[in-house]
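Step one of this worksheet: look at the structure below.
The values are calculated or read from the model by the stated rules, or taken from the named source; none is laboratory data. Predicted, not measured: the structure shown is a model, and the values here were computed from it. Cβ atoms come from the backbone with ideal geometry, glycine included; neighbour counts cover every protein chain shown.
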Amino acid sequence: MNQLAAQGGGIGQITVVSDGEAARLQSFRDDFVFCGTASDQYHQVGNAVPPLLARELGKSLLDEITHQGR
């Protein structure tokens, strides 16, 4: 399985980013709930469009649609 890793506190130590940390990196709110096993949750976070990106894309599309006839 492909997992994110970050340098740990000591020299040569590697720690895996938790599913919650990965979700936060993707701009999910801390209270967002992912279902299933830890592996399922990693996949859900990894396959998701980040919420802040989705919002900005939606705003841009709405702006283009509403101003199309002008």
Of the numbered conditions (1) at pLDDT below 90; (2) on the phi > 0 side of the Ramachandran plot, Ile11 satisfies every one except a single condition; which is it? (2)
Taking region 22-36 on its own, how many of its residues are of a type outside the set (Ser, Thr, Tyr), surrounded by 12 or more Cβ atoms within 10 Å (Cβ to Cβ) and assigned to a loop (DSSP other than H, G, I, E, B)? 4
Which of the residues that make up region 37-68 are part of a loop (DSSP other than H, G, I, E, B), of a type outside the set (A, V, I, L, M, F, W, C) and surrounded by 11 or more Cβ atoms within 10 Å (Cβ to Cβ)? Pro50
